[in-house]
1. Within the stretch 15-24, restricting attention to residues that are in a loop (DSSP other than H, G, I, E, B) and over 9 Å from the mean Cα position of the chain (by Cα), which residue is farthest from Val2 (Cα to Cα)?
2. Looking at the stretch 1-14, which of its residues are modelled with pLDDT of 90 or more and either surrounded by fewer than 10 Cβ atoms within 10 Å (Cβ to Cβ) or outside any helix (DSSP H, G or I) (or both)?
3. Pairs please, first residue from the stretch 25-43 and without any contact (Cβ under 8 Å) to a residue 60 or more places away in the chain and in a loop (DSSP other than H, G, I, E, B), second anywhere and surrounded by 12 or more Cβ atoms within 10 Å (Cβ to Cβ) and among the charged types (D, E, K, R), Cβ atoms under 9 Å, 6+ apart in sequence or on different chains.
Amino acid sequence: MVAKLRAYQAEGIDAFILSGYPHINECDMVARHVLPKIQHGPLML
């Protein structure tokens, strides 16, 4: 997933809608394994 997101970013795409199911598990996986490896804007709670 990280490689695909980086490829899209290289093409100028800077907004993504990522979803999966079950939601809480997917949120946890993305937070742990994807977000630390890509450049992204600030995350607000």
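The values are calculated or read from the model by the stated rules, or taken from the named source; none is laboratory data. Keep in mind the model is a prediction, meaning the values are calculated, not measured. We place every Cβ from the backbone using ideal geometry, glycine too, and count neighbours over all the protein chains shown.
1. Filtering the stretch 15-24 down to residues in a loop (DSSP other than H, G, I, E, B) leaves 15-22.
Okay, now just the ones that are also over 9 Å from the mean Cα position of the chain (by Cα), so 15, 19-22.
Values: Ala15: 14, Ser19: 14, Gly20: 15, Tyr21: 18, Pro22: 20 Å.
Ranking the qualifying residues of the stretch 15-24, first place goes to Pro22.
2. Keep residues of the stretch 1-14 that are modelled with pLDDT of 90 or more, which gives 2-13.
Ala3, Lys4, Ala10, Glu11, Gly12, Ile13, listed by residue number.
3. Ile38/Arg6; Gln39/Arg6
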